[in-house]
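Take a look at the structure below.
The values are calculated or read from the model by the stated rules, or taken from the named source; none is laboratory data. Note that the coordinates shown come from a computational prediction; the quantities given were computed from them, not determined experimentally. Positions of Cβ are generated from backbone atoms using ideal geometry, with glycine treated the same way; all protein chains shown enter the neighbour counts. All accessible areas refer to the heavy atoms of the entire protein, side chains included, with ligands and DNA or RNA removed. Shrake-Rupley method; radii C 1.70, N 1.55, O 1.52, S 1.80 Å.
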Amino acid sequence: MGLFRYTLRRFIQLVPVLFGIVTLTFIMMHALPGDPVRLWLGEEPGQELADELIAAHGFDRPMHEQYLDYLVNLVQGDLGQSFVYNRPVTDLIWERMEPTMVIMGLSYLIALPVAIGLGIYGAARHNRAGDHVSRLAGLAGISTPNFWLALMLIYLLAFNLDVLPASGYTSPFVDPVGAAPLLIMPVLTLATAQTALLMRMTRSSMIEEMREDYVETARAYGIPERKIMLRHSFRNALLPLVTIIGLQVSTLLGGSVIVEEIFAIPGLGRLFFDSVIDQDYSVAVGVTLFFSTLFLIGVVLTDIAYAYIDPRIKYD
Amino acid sequence: MQDNHNGSDLNRRRFVKSAAVVGGAGLFAGCIGADPDDEEATDDSDDGTDDTTGGGGVFTIATSDEVETFDPRQNQLAWYSSAAHYMFDSLLLQSPDGSEFEPHLAADHPEEIDETTYVVDIRDDVYFHDDWGQLTAEDVAYSINWVLDPDNDSPNQSNVAFIDEAEASDDFEVTLHLDFPSGLMERALSHMNAAPVVCKEAAEEMGDQEFGENPVGSGPFKLENHDPSASVEMVANEDYFLGAPALDGMEYRIIPETEVGYVELVQGSLHQSGVTEELLEDAEGNDDISTYQLSNLDFQGFILNCLEGPFTDVRAREAVHYLVDYDEVLDAAAGQLGGRNWGHMPQETVDAWDFPQEEWEDQYYPEQDHDRAIELFEEAGVGTDFEVDLIMTAGEANEGRSLVLQNEFEEIGVECAISEVSTGDWLEALNNADYDITTYGWGGNDDPDGYYYHMFRDLRNDDGGMSDDVVGHSSIGYLYEGTRDRGEEDILEDLERLDELVRQGQATVAQEDRREYYIEAADIVLGLYPLLGIYSAESVTGVHSSVNDYEPSEFGEQETFNYWQEASIDD
Amino acid sequence: MSTGKGTPTADVDAEFDEDGGLVRTLKKLRHSPTSLVGLFIIAALVIMAIFSAIDNFIFDRAIITWLHADPHAMDQSMRYEEPSREHPMGTDRYGRDVFTRLIYGSRTALTIGILAVGISFVGGVIIGSVSAFFGGYVDDLLMRSVEILYAIPGLVLAIIFMAIFGPSIYNLFIAYGIVGIPAYARVMRSEVLSLRDREYVEAAKLAGLPRRTILFREIVPNGIAPVIVQATLSMGGVIIGAAALSFLGFGVQPPTPDWGRMLSDGRTAMVVAWWVAVFPGIMIFLTVMGFNMLGDGLRDIMDPKMTVEPTTYDDWTLDEWQTEQQTEQPDDDIVPGSTGARTDGAGELRGGRS
Amino acid sequence: MSLLEVADLRTYFFTPDGIVQAVDGVSFEVGAGESLGIVGESGAGKSVAVKSLMGLIRDPGRVVDGSIRFDGRELTDLSEAELRREIRGNEISIVFQDAMSALNPVFTVGSQIQEIIVENTDLHKTDARERAIELLEDVGIPDADQRIDEYPHQYSGGMQQRAMIAMALACNPRLIIADEPTTALDVTIQAGILELFEEIQEKHDTSIVYVTHDLGVVREVCDRVAVMYLGKVVEQAPYEELFRNPKHPYTQSLLNSVVTPDERLDELNPIGGTMPSAVMPPSGCRFRTRCPAAFDDCLAVDPPRYQVGTDHDAACLLYDDGIARPEPTLHETDDGGVNESNI
């Protein structure tokens, strides 16, 4: 089947990009000022100790050697060893993956229906009061810094009203009831801008689609307006929407750094941030690589989703 | 329980972790700054000692850093130095007010055989967690020797460096052979950063890595669960040799943002959390929260670069001391959470050792006088036509004090640019002497040694020494190097004496002698003005009213369950 | 953003479709109240920024001090003063007047926005147009490099940059400038792709103009409109992003007033001194809102079909499709060799069935 | 008794730049089984006029005045829902210019026809599918039972237009509006489509309104022709008559410039100057700004349609008896032998 081969090919095409990302992040992380050992040991290093640690982690070797080693290990699925935790980076990533994925997934789950509903509503009420309100709300959603929103939610819902716990994470797979209140604010924080963006997107592509000729055709043939919107236009409007949904993986992963930092969620975003602060090279590179891979997979999935929506697209 | 060791500013930064490795320890009485505004919280049930086991709830505390290893011999984290006391025991235990070292695993205080030999009897009723067997002299000797072994790279090594070897001279008797007598011995034996006792069998069987994840100690709690970056849970050790604690367990929640932790404290989902200065007022107004203002036992100020730049001349450095109003700097940096200090050590230490604070103040901490400052700059030959490169790491305290200094410089017509740099950059800049002035703090001890030895010794004279290209950045702004470079013989003589004094101070037991050394050292250092020392920081911790019989202290050692108090929690 | 003349509302639209240049475009803004509000906000911001820049660099803060207060002046006795006549927005932790700092902060916000977007803009336009114009290996190489940057989440990339170069306003806009390049490059590339075979380009080629001249004189100016829209829309994102970096501790150097920094510094004081964080928060919000409103309006106007949205993301996948797509024509079994409208360009897939 | 009678139809667009008088007082009739061609340049308001018939004008446009009687019913009085249920698709259907974009790209051709059948008749899905295959066969799509499941983009341009026509036929409408149905096609395919229209008309006795700017096309399919200029019908006549004996200066110029029947007027721009804006149309006669025969009165009087022959009228003051006028000398007919006609 063409789709399978196509998918396979798309994934193979990711390899050079991933290679580039590895190279870039590797160079960048090693360009960080100071060295991790000194940072780790602090202000008063015993030189012997520092030398030993540096040697143990290979930091004293030429960068290209370290880089080649890294690549060789990477091919074997080994992202290296965390300097700070003294554990394999892959273990750390697996360990921290769940919260990030859960929050991201939930924020999609919330954002999508809300955004699509509101977007279609706005398009249907194009240039009328309802549309203006939802459009301004959308703009406001995009214009609110997410860390600010997070803090405001905490002050309002946790501090003043005391209806939700301020921070922490429980796996919803282990304890769904206990997890729910903890997830509300982080998911809300992530989902707000996302919803706003998707809503804007839905609205404008719906408006655009509603101006297409086939809409007029449908109208001319007595198809009810509702059906035109929800069946004909929406199906077409989905195309740009799907692209955004795929691309938002990137925004959400970036947002996870902030959300996890504020809500004390033990996810990848925090792992990344801490690793940058600690100059834990391999962790920072590993998480960046992981993020990028997730994003690229998102893009490929988007491409595949197109196939289901747009029959004009063919694979060889 | 200084979860926020140096205020909220530096809590993530590694260098503070190492700065704090000596933890808190004290020789003086009095729980400084403890300020329970809610008396009821403490006088409820005095009789609830060891018979009230279980049902005491789980005591939950906010902390900001992920723990990297549970092996106390390898730990560099400030908060875990306190928390490790719950899972491990030490030979001695420091009292909450810091006044005394109680025998703990030791049956009694170490017995002096001769100047460099001490014998410690070990209790014979202590068992490790989870059937790892009885704690014996073997375990104690193993633990101390492990830290001493340079191959193990323990960050605690320097804290027990005075010990040559620990020997299990009997089943329950350890003999300590010292390299030199030290006034810091009992302190070291009471500390997680020096001589925590781990289960030898478990440590050897598991190896460092696994032991770091599954620690085996003998403390009142044992590790139950660790969710990385989220929480550390401990459950009560029912078989603890002092009886089972009233609490069911302890939980440390890792919450990076202090204010978020505070919100949870207000909500009651945490029992203890740091309180930022801004939140202090709110906390004090909250009936559910008792606040305790605790000294950080540190020294905060600026370092002036003595190697190059405008401050190579001692008069230029003195001029900077005329530039500022110290109280204003303190205010801007720490607000209510800090106090002035004199002599480059915490005021608590100055008081406890009865140092000549007033003389120092009169002589080395002048009143603000811009004219005099300008005069001194002129004398030093730099005039006021120079630019100052002030670097700082992030944080309100650093920013506040930098801003004041910048304003003062600008008032006398000197350009002063502040650069906020990352910790990596900062260490790099320190290493390369690439700054004129930088914010500086050093903390975690109440003994003058913690400051004078660490900040003022000449690193070139260290055992093993520093390699030539590493000058060492924690010394006093390259004062040694600069003086040598410029061949200022008279100052160099003073400096050599200074190095000698701080080293002697460490290797001397008698406090009167040590006091003399430090006074002389202080006179040398203060007179050369390499540091603009301003204040000691304090931090506030809030405790929820549902907690009974608990009062945090600077010397957080098994605070919820020790000889002095036993906390429990209302449902 | 196909320039094909769509016929949405039949013939009557014909006269509105004409490309009337920037002035005409701006004139059309008057029909969009939201854009006008956006423009107004930005204008106010620009005035504030120009004022504070002049005051700061030429008069050394004398004017603002004379008018109201010195934004840098500290006064510990006035710590966290509530809003009052003297300090309409209260004072901060160091007793500095929030109001004047807010005014001065406009300079920082605008500088970050403009310079970061400027870097992205110039970088993106050059990379995108060169890539599309020269095609082949150049295109492959440039676009793959851009993809690499693109695949790393923006904030993550910015954090790494800031960690390497250290927190400072210059690094802030370099970081966001680089982070933004891919999006612009993509927009520019697809524009140039659609323009490079136009008649006037052919004519220029025949006239023997050097390729560089053709690209930057003939093609780029004609395809720049969507990139400008992109710039307006991403301005807000950059300002928010910079504030986020401030929050994470990679911010603007003190004592330079900066909304992001003010906001993140003020967060711990929320309970006792809401004004310290709320006002800069509002300013950020308004500014971003302003740019978004203007950008929205511009986009609606510049694109007759209202091909929308996030130019930020553009047609990264769609470009892919273009090459993936099989444009094989089904044999016309009635009349061979027929030419119908075919689906063979990005413009088609973007919904522009023109 | 005509099937469709349009009288004084006015459709305006209320845009920010002013009111666009796209259709401003248009009248015409179409008899049963008759085919009317509406010709004019782009922007003349042809499409708007025919879309107005079906109530397809959207914001900011509106039918502001006039009457549309279809089979005796006044369409302007019908509600949107009534129009949808009773008129669109089953009584009047429309074939658009660009079939590619008029068909929804994401649904199969079959499903689109099916949907229309289901929506407008009592047929169920499976029956509707049968019917759709039949229709596709009727319009000349080979292997209709297979190709019914293909998507529009898999069809060639001509086939797309045929599918569009099949759609128009789906519910046996009495009137088909063909809005420039062959404009996007090349000549050979165009011929096929035109033939198809003729076939349909013969077979089903359907009335057709054929909108085009292509006079050649008009010649092929239309019984009668109405010429539109800037929102008004300026001349109307059976096509033979119109071609032989155009009366209105506009029509004259149009015909004068046609080199071959295939040339498109919009490409040739046969008449000097550009069409004025429909926002502020010229006073009096709208064509006067470009009219070679314009005189003073044209400035003031909006000419009504004068009867200039049997079933032939023209809106030009030249034919007003009460107004002194110069001789219409400017027009030299192709075939001078044709009588100047009796006024």
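The table that follows gives values for the structure above.
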{"item": "Test item: Cα-centred dipole of segment A:93-269, Lys/Arg +1 and Asp/Glu -1 on Cβ, debye", "result": "680"}
{"item": "Amide H contacts under 5 Å for residue D:61, placed H, 5+ residues apart", "result": "D:14"}
{"item": "Bridge type composition, the protein assembly as shown - antiparallel percent by DSSP, nearest 5", "result": "70"}
{"item": "Reduced Cα scattering model of segment C:31-302, Debye log10 I(q)/I(0), q = 0.08, 0.09, 0.10, 0.12 Å⁻¹", "result": "-0.40, -0.49, -0.59, -0.79"}
{"item": "Degrees separating the helix B:137-148 axis from the principal Cα axis of chain B, which is the longest one", "result": "20"}
{"item": "Interchain or long-range residues, amide H under 5 Å from residue B:394's placed H", "result": "B:421"}
{"item": "Helix runs (DSSP H) in chain A reaching 30 Å along axis by Cα, Kyte-Doolittle at least 1.0", "result": "A:2-30, A:89-124, A:234-262, A:281-309"}
{"item": "MRE, 222 nm, helices only [DSSP H, n ≥ 4, -39500 (n - 2.57), over chain A, to nearest 500]", "result": "-24500 deg cm²/dmol"}
{"item": "Label-point separation, residue B:564 to residue B:284 (7 Å along Cα→Cβ), nm", "result": "2.4"}
{"item": "Choice from A:235, A:87, A:219 showing the highest fluctuation, given a GNM over chain A with Cα pairs closer than 10 Å", "result": "A:219"}
{"item": "Cα gyration tensor shape of segment A:133-263, rounded if a/c is under 1.5, else prolate or oblate by comparing a/b with b/c", "result": "prolate"}
{"item": "Accessible area (Å², per residue) of segment A:96-196, counting only protein heavy atoms and a probe of 1.4 Å", "result": "39"}
{"item": "P(r), alpha carbons of the protein assembly as shown - 10 Å bins starting at zero, rounded %", "result": "1, 7, 13, 16, 16, 13, 10, 8, 6, 5, 3, 2, 1, 0, 0"}
{"item": "Alpha-carbon centroid distance for the pair segment B:511-571 / segment A:175-198, whole angstrom", "result": "41"}
{"item": "Inter-chain Cβ neighbour average for residues B:273-280, partner chain, 10 Å", "result": "3"}
{"item": "Cα centroid separation, segment C:108-137 to segment D:27-76 (Å)", "result": "51"}
{"item": "Nearest 10 degrees, 0 to 90: helix B:489-506 Cα axis against chain B principal axis", "result": "10"}
{"item": "For chain A: rounded, prolate or oblate by the Cα gyration tensor [a/c cutoff 1.5]", "result": "oblate"}
{"item": "Rounded to whole Hz, the Karplus (6.51, -1.76, 1.60) HN-Hα couplings of segment B:206-219, x for glycine and proline", "result": "7, x, 4, 4, 5, 5, x, 9, 10, x, 10, x, 10, x"}
{"item": "Solvent-accessible area buried by B and A, counting both chains, probe 1.4 angstrom, square angstrom", "result": "3800"}
{"item": "Shielding by other protein chains, A:250-256, mean Cβ within 10 Å", "result": "6"}
{"item": "Charge dipole (debye, nearest 20) of segment B:298-538; +1 at Cβ of Lys and Arg, -1 at Cβ of Asp and Glu", "result": "520"}
{"item": "Selection from D:54, D:99, D:23 lying farthest towards where the dipole of segment D:1-129 points positive, charges on Cβ", "result": "D:99"}
{"item": "Inter-chain Cβ neighbour average for residues B:454-461, partner chain, 10 Å", "result": "1"}
{"item": "Distance from segment B:319-360 to segment D:209-260 (C-alpha centre basis), Å", "result": "101"}
{"item": "For residue D:95, residues with placed amide H under 5 Å, excluding near neighbours", "result": "D:177, D:178, D:179"}
{"item": "Taking only Cα atoms of chain B, radius of gyration then Dmax in Å", "result": "23.9, 73"}
{"item": "Shape call, segment B:298-538: gyration tensor on alpha carbons, a/c limit 1.5", "result": "rounded"}
{"item": "Residues residue B:201 and residue B:170, FRET efficiency given R0 of 25 Å [Cβ-Cβ distance, rounded to 0.05]", "result": "0.85"}
{"item": "Separation of the residue A:109 and residue D:121 label points, Cα + 7 Å toward Cβ, nm", "result": "4.7"}
{"item": "Size of electric dipole in the protein assembly as shown: Cβ of Lys, Arg +1 and of Asp, Glu -1, about Cα centre, debye, nearest 20", "result": "12780"}
{"item": "Computed [θ] at 222 nm, helices only, for chain B once each DSSP H run of length n ≥ 4 contributes -39500 (n - 2.57)", "result": "-10000 deg cm²/dmol"}
{"item": "Ordering of C:286-293, C:78-85, C:151-158, C:270-277 by burial proxy (mean other Cβ atoms within 10 Å per residue, highest first)", "result": "C:151-158, C:286-293, C:270-277, C:78-85"}
{"item": "Degrees between helix B:78-87 axis and first principal axis of chain B (Cα, 0 to 90, nearest 10)", "result": "20"}
